[in-house]
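Some notes on the structure that comes next.
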Amino acid sequence: MTRACLYFLAGIYALQLSSFAQVSELIELIFVAFLVAILIGRTGDFLCFFAGVLLFGLAANGIVNSRLEPRYAGDSIVTAVRIADFPATSGAGVSFVAEPLDAARVPLRIRVSWFQPPVELRLGDVWQMELRLRRPRGSSNAGVFDYEAWLFRERVGATGYVVGSHRNHLIRSGNLDVVDRVRQRFVDRVSLLNPESAGVLAAISVGARHLITAQQWDRYARTGTSHLMAISGLHIGLAAGGGYVLASFFGGLLIRGGSHHSRAMVVALLIAMSYAFVSGLAIPARRASLMIALVTIVVLRRRQVRPLTVVSTACIVVAVFSPIASMAPGFMLSFAAVLVLIWLAQRLGNGSERSLAARLLSGIRQLSVVQGVLLLGLLPLTVLIFDRVAFAAPVVNLIAVPVFSLVTVPFTLAGLLLDGPFQVLGDPALNVAAISQEFLEILIVMAAQLPGAGHTMSAVTGTAWLLLFLPVLWVILPPGWPGRRLALIAVIALVLHKPARPDYGCVAVDVLDIGQGLAVVLQTQAHTVVFDTGPAFRGGGNAAEAVVLPYLASKGVSHVDTLIVSHSDLDHSGGVEAMLDRVTVAELLVGESLSGQERAQAFCNAGDKWEYDGVEFSFIYPPKEGLRDGNDASCVLHVAAGDHQLLITGDIERPAEQQLVRNGLLDGVDAVVIPHHGSRTSSTASFVSALTPDLAIVSAGFGNRWGFPKDDVVARWAGVGARVLETSTSGAIGIRLCEHSGMEAVTEYRHERRRIWNE
């Protein structure tokens with residue numbers, strides 16, 4: 001079974017990591033592979049592999065084909081929808097998953113934002129809404145959360161927003177089934193508690209995470225305690241264990257005859273499955289309840305429990321019924337953690353201590369070993385999935401896991417069960433759980449502030465791939481074996497690893513895919529320049545937090561030598577505060593003054609220049625004396641590596657372009673980031689002719705409401721021989737200018753990293 005599981009998963013992940021667009025493209029390849037498998041006599045393994053490929057491919061194809069039809073994208077659609085999950089508030093906006101009730105044009109599952117809704121939105125509400133939808137799409141950048149993949153695995157067929165309209169009205173509320181009614185009732189009860197405790201208690205009981213703040217998520221991630229906020233196997237196991245103890249006790253008192261052990265195991269299974277259903281059937285909950293079911297069946301049949309067979313069977317069942325679930329971090333981490341614990345249990349064996357004190361010390365020692373082994377054993381996955389290592393996790397979990405297991409979870413579940421006429425007992429139980437959570441919150445806040453508590457990793461490149469998997473040696477090899485300490489050396493080397501930077505005289509330029517706005521990162525051998533920070537979002541957040549900062553972290557950059565903000569429009573300056581808060585910025589240069597900014601600002605002036613590592617940076621606009629207001633206040637940055645040049649133009653319009661042409665400040669360049677996202681207010685014929693670039697880059701949002709870039713503007717740049725690329729279709733666009741070799745390979749991240757779920 002274990003072998004079959006491995007080949008099955010290999011098939012699933014092979015397709016996930018491939019660039020095949022449709023299942024039909026695989027048919028010929030699979031047929032050839034099948035013939036080869038017959039010839040070498042390994043048809044069983046191949047069939048398992050093929051089953052993984054086929055099941056994931058069919059599921060993926062079904063999701064892609066269920067998306068919003070392109071002809072309806074951008075249309076206003078009035079339809080009735082039911083809110084299918086707890087709405088999450090961010091700033092003045094609310095986002096939620098909805099299911100249409102009567103519209104054939106709308107996919108079965110959509111994700112919608114509503115800015116300043118007139119009333120509180122609740123699970124189960126049925127609304128008539130005027131929606132403007134588009135096909136699921138996210139930005140495409142190295143080192144950045146893949147929102148498009150997340151939408152895919154959540155089976156979202158369209159995203160969009162509610163249009164402000166008199167047509168929006170509540171049809172009815174409380175359209176809930178039994179399970180959702182229990183979930184909503186419990187969320188209403190815990191909402192009366194401390195807000196931060198309420199969010200965690202709602203998450204670990206009914207799987208509702210909408211009350212957890214972004215700051216909490218960050219703290220828990222930094223300290224390696226995020227697993228406490230998810231319905232994990234630990235929670236399901238605790239519920240099952242509690243059910244077993246209670247069933248054994250009362251069964252022994254009330255029932256004579258039969259096997260108390262068998263009855264208690266069945267009760268424990270029923271409780272585990274009920275908890276999994278109420279909590280929303282998260283993947284770790286499915287895994288844990290399935291394993292409990294398999295163990296129960298094996299024990300009742302008087303057979304020997306084989307842990308690896310149980311894990312493999314549960315894995316296959318979960319993946320067969322939901323192949324897309326294999327993409328979720330919870331799937332990979334949950335099964336990997338169980339395998340690590342099984343391996344560790346076989347090594348530790350049973351202790352022989354007799355006294356209570358000895359058993360307590362042994363328990364603390366073993367829990368410490370478990371946390372350390374989990375940190376190193378899961379390190380490859382946590383780095384690849386979350387780009388970080390939580391070094392504080394073993395210490396924090398040494399306290400947090402026992403408190404959570406013995407107090408927080410049991411009292412939360414007691415509060416969940418004791419409702420209705422028993423609420424008078426359930427509320428005190430919730431208060432105890434909240435107090436324990438407040439204690440843990442203090443611990444986690446303190447741990448998160450420690451230096452190095454959560455280390456953000458650079459992108460894994462080159463020899464770092466070997467370093468990534470060496471820490472697993474600590475888990476696999478028994479204590480005292482030669483080479484085991486290589487694991488610790490590898491961790492240190494991995495933390496110190498930084499991706500290679502350009503050679504002297506070269507500059508790497510990445511125009512990031514940040515939607516409707518602009519953000520460009522320029523790296524020389526030892527310096528980093530950021531030109532603009534992308535937009536701030538109306539519903540809260542900004543592109544710097546979502547894209548620019550994660551991208552810099554993936555490059556190992558925590559210090560920015562020069563931050564240039566071309567002008568104050570929010571699509572260019574929306575992330576300034578986040579940048580200044582999260583990375584060290586040596587110098588801030590602006591085209592026009594940024595209001596409310598306490599940090600010292602200096603204006604960019606035509607004629608200012610400096611050199612980083614053999615690359616010259618200079619401003620050719622705006623003039624020192626002149627009006628600093630609007631798009632024509634934009635800084636225009638000229639970058640030169642020898643005779644090879646790049647121009648970044650901000651949002652300058654026709655008057656500024658004409659002034660540059662008239663003053664003879666333009667020369668032919670290798671590449672240009674064209675002005676104002678491809679608007680007709682810019683890219684005049686004389687400006688384009690003066691530059692005659694080989695490459696013209698447009699930074700614009702996909703399907704933006706202004707229709708940027710305009711077709712005639714694109715044609716104008718193409719007419720002088722430029723290759724025109726757009727971040728909306730290419731993702732992040734990277735180039736490298738070098739003094740001797742000129743403009744090297746142009747990269748389009750969306751095309752290079754295309755997967756089956758990408759548009």
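Please treat every number below as a calculation from the coordinates, not as lab data. Please read all numbers here as calculations on a predicted model, not as lab measurements. Cβ atoms come from the backbone with ideal geometry, glycine included; neighbour counts cover every protein chain shown.
Kindly list the residues of the range 377-408 that lie in the label zone of Ala745, defined by a backbone N under 13 Å from the point 7 Å along the Cα-to-C-beta vector. What the label zone holds, given the 13 Å backbone N cut-off, is no residue at all. When the inverse distances between all different Cα atoms of the range 493-544 are averaged and flipped, the Kirkwood radius reads 12.8 angstrom. Across all Cα atoms of the range 494-589, the radius of gyration (one decimal) and Dmax (whole number) stand at 12.9, 42 Å. Counting only DSSP beta bridges whose two residues both lie in the chain, roughly 70 percent are antiparallel. Residues Met273, Met579, arranged from fewest to most other Cβ atoms within 10 angstrom of their Cβ, appear as Met273, Met579. Report the FRET efficiency, 1/(1 + (r/R0)^6), for Arg181 and Val305, where r is their Cβ-Cβ distance and R0 is 41 Å, rounded to 0.05. Here the calculated transfer efficiency is 0.65.
Check cross-link reach from Lys609 to the lysines: straight Cα distance under 25 Å, and skip same-chain residues fewer than eight apart. Straight-line reach from Lys609, under 25 Å: Lys624. The share of alpha-carbon pairs in the chain lying farther apart than 44 Å comes to 33%. A Cβ-based charge dipole, computed about the Cα centre of the range 582-718 with Lys and Arg at +1 and Asp and Glu at -1, lands at about 440 debye.
The charge dipole of the range 506-752, taken about its Cα centre with unit charges on the Cβ of Lys, Arg, Asp and Glu (plus for the first two, minus for the last two), comes to roughly 460 debye.
For the pair Met446 and Ala493, label points projected 7 Å from Cα toward Cβ lie 3.7 nm apart. Think of the chain as having a plus end and a minus end, set by charges on the Cβ of Lys, Arg, Asp and Glu; of Ser686, Met332, Thr223, Met332 sits farthest toward the positive end of this dipole.
Taking N as the number of residues in the range 261-360, what is its Cα Rg relative to 2.2 N^0.38 Å? Mind dumping the intermediate values first?
Numbers: Rg = 15.6 Å, N = 100, 2.2 N^0.38 = 12.7 Å.
Taking N as the residue count of the range 261-360, the ratio is 1.24.
Projecting the Cα atoms of Asn631, Ala745, Thr649 onto the charge dipole of the range 506-752, computed from C-beta unit charges around the Cα centre, puts Asn631 farthest toward the positive end. Placing a pseudo-label 7 Å from each Cα along the Cα-to-Cβ vector at Val78 and Val432 gives an inter-label distance of 5.5 nm. Give the separation of the Cα centroids, the range 167-189 to the range 576-599, in Å. So the two Cα centres are separated by 44 Å. Counting beta carbons within 10 Å around each of Glu611, Glu759 and listing the fewest first gives the order Glu611, Glu759. For the range 338-440, what class follows from the C-alpha gyration tensor (a ≥ b ≥ c being the square roots of its eigenvalues): rounded when a/c is under 1.5, otherwise prolate if a/b is larger than b/c, else oblate? Since a/c reaches 1.5 but b/c is at least a/b, the shape of the range 338-440 is classed as oblate.
Here the scattering of the range 70-175 is modelled by Debye summation over its C-alpha atoms, one equal scatterer each and no solvent; at q = 0.10, 0.18, 0.19, 0.24 Å⁻¹ the log10 of I(q)/I(0) is -0.27, -0.86, -0.95, -1.45. Cross-link partners of Lys498 among lysines, defined as those whose alpha carbon lies under 25 angstrom from its own and excluding same-chain residues fewer than eight positions apart: Lys555. Expressed as a fraction of 2.2 N^0.38 Å, the value expected for a compact globular protein of N residues, the C-alpha radius of gyration of the range 506-752 is 0.91. Relative to the first principal axis of the alpha-carbon coordinates of the chain, what is the inclination of helix 43-65, with its axis defined by its Cα atoms, in degrees from 0 to 90 and to the nearest 10? The answer is roughly 60 degrees. A simple spin-label model places pseudo-atoms 7 Å from Cα toward Cβ; at Ile255 and Ser165 they are separated by 5.7 nm. Only helical runs count toward this figure. For the chain, summing -39,500 (n - 2.57) over DSSP H runs of n ≥ 4 and dividing by all residues gives -13500 deg cm²/dmol at 222 nm.
Annotation note: trypsin sites (Lys or Arg not before Pro) in the range 47-83 located in DSSP loop regions with a Cβ neighbour count of at most 12 within 10 Å are absent.
To the nearest 20 Debye, how big is the dipole of the chain about its Cα centre, given +1 on the beta carbon of each Lys and Arg and -1 on that of each Asp and Glu?
On the way: 60 positive and 60 negative charges, 828 e Å.
In total the dipole reaches around 3980 debye.
Based on the Stokes-Einstein relation at 37 °C and a viscosity of 0.692 mPa s, and on the Kirkwood radius from alpha carbon pairs, the range 66-132 is assigned a translational diffusion coefficient of 267 µm²/s. Using the Cα gyration tensor of the range 569-670, with a ≥ b ≥ c the square roots of its eigenvalues, what is the shape: rounded (a/c below 1.5), prolate (a/b larger than b/c) or oblate (neither)? It is oblate, given that a/c is not under 1.5 and a/b is not larger than b/c.
As a proxy for reagent exposure, Val200, Val267, Val369 were ordered by neighbouring Cβ count within 10 angstrom, fewest first; the result is Val369, Val267, Val200. Ranked by the mean number of other Cβ atoms within 10 Å of their residues, highest first, the peptides 459-470, 222-233, 136-147 fall in the order 222-233, 136-147, 459-470. When the Cα positions of Tyr147, Ile83, Gln116 are compared along the charge dipole of the range 70-175, Tyr147 comes out farthest toward the positive end, with charges on each C-beta of Lys, Arg, Asp and Glu.
Each distinct pair of alpha carbons in the range 636-759 adds a 1/r term; the inverse of their mean, the Kirkwood radius, is 14.9 Å.
With semi-axes defined as the square roots of five times the eigenvalues of the C-alpha gyration tensor, the equivalent ellipsoid of the range 131-266 measures 39, 22, 17 Å, largest first. Which length gain, in nm to one decimal place, applies between Ser19 and Val317 when the Cα-Cα distance is subtracted from 0.36 nm times their residue separation? Fully extending the segment from Ser19 to Val317 adds 104.7 nm.
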